[in-house]
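Reading through the structure tokens given below for one structure.
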Amino acid sequence: MNTSICKKATQAINYFARKKDGTINKMKSVKLIYFADRYHIRKYGRPVVGDIYFAMKLGPVGSNILNVANLSNTNLNSVCLKYAHEFLGYPKDDKKLQTIVSKKEVDLDLFSQTDIEAFETVFKEYGSEDQFELADISHEYPEWAKHEKEIKQGKRSVPMDYIDFFLNPSKTKSDIFKVPAENLAVAKDIYLEHKEVEALLA
């Protein structure tokens, strides 16, 4: 995991934990960040964290975001693990390790104003929902729905493509992801241009 994704994933989880009482369910934090990425890429042409997403039974999951949320040395290098533990932890009585605790204030310098806009919009819309309600909501969107059959057939996870985040669902209960067609096309072009540049620099 590169340093930028590690830090942004840590601080995004920290941000949402701080929105209520300094704690957040692990799965809920992963879902809220997915929604923030979906909001931001459709409006501004890039995700907030820039993680690699997989479709799983309970919806889209950012693999590195989940690794950070797990706070385990199994999938994190020592530098990222140290950084994550500086800001996040688990309550001593949480034997199942499902509740994340914020240890320090969020480092907002990692995020742009539009990143914060995405966080605030998503929390206002979904902050009162629990993790399972968020999982159900995430199933409404095409980037997950296109893999539903494979998941029901037994695949644990299927790689997702950010380009599918620009697709509109046939029906949804939320309006926060609605972007005028012209604006959505511009955001999509920005994303594709960034992707081409990254490919050239790789």
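The values are calculated or read from the model by the stated rules, or taken from the named source; none is laboratory data. Quick caveat, the model's predicted, so the values are computed rather than measured. Neighbour counts run over all protein chains shown; Cβ positions are idealised from the backbone, glycine included.
Based on what the data block shows, is S78 among the small types (G, A, S) and under 30 Å from I163 (Cα atoms)? Walk me through how you get there before you give the answer.
Details: among the small types (G, A, S): yes; under 30 Å from I163 (Cα atoms): no.
When the stated conditions are applied, S78 does not pass them.
Mind listing whichever residues of the range 109-135 are of a type outside the set (S, T, Y), surrounded by 13 or more Cβ atoms within 10 Å (Cβ to Cβ) and more than 18 Å from N25 (Cα to Cα)?
If the condition is that a residue be of a type outside the set (S, T, Y), surrounded by 13 or more Cβ atoms within 10 Å (Cβ to Cβ) and more than 18 Å from N25 (Cα to Cα), then L110, F111, D115, I116, E117, A118 are the ones that fit.
From the list L88, L71, L76, which residue is of a type in the set (A, V, I, L, M, F, W, C) and modelled with pLDDT of 95 or more?
On the way: L71 fails: modelled with pLDDT of 95 or more; L76 fails: modelled with pLDDT of 95 or more.
Exactly one of L88, L71, L76 is of a type in the set (A, V, I, L, M, F, W, C) and modelled with pLDDT of 95 or more, namely L88.
Output the residues belonging to the range 136-184 that are among the aromatic types (F, W, Y) and over 17 Å from V30 (Cβ atoms). Steps first, answer last, please.
At the first step, the residues of the range 136-184 found to be among the aromatic types (F, W, Y) are 141, 144, 162, 165-166, 177.
Across the range 136-184, the qualifying residues are F166, F177.
Anything in the range 8-25 that is on the phi < 0 side of the Ramachandran plot and surrounded by fewer than 20 Cβ atoms within 10 Å (Cβ to Cβ)? List them, or say none. Give the steps one after another, and end with the answer.
Going residue by residue through the range 8-25, those that are on the phi < 0 side of the Ramachandran plot are 8-21, 23-25.
Within the range 8-25, R18, K19, K20, D21, T23, N25 meet the criteria.
Between V79, V61, V101, which is touching a Leu at 6+ places or on another chain (Cβ under 8 Å) and not in a loop (DSSP other than H, G, I, E, B)?
Within the list V79, V61, V101, the selection yields V101.
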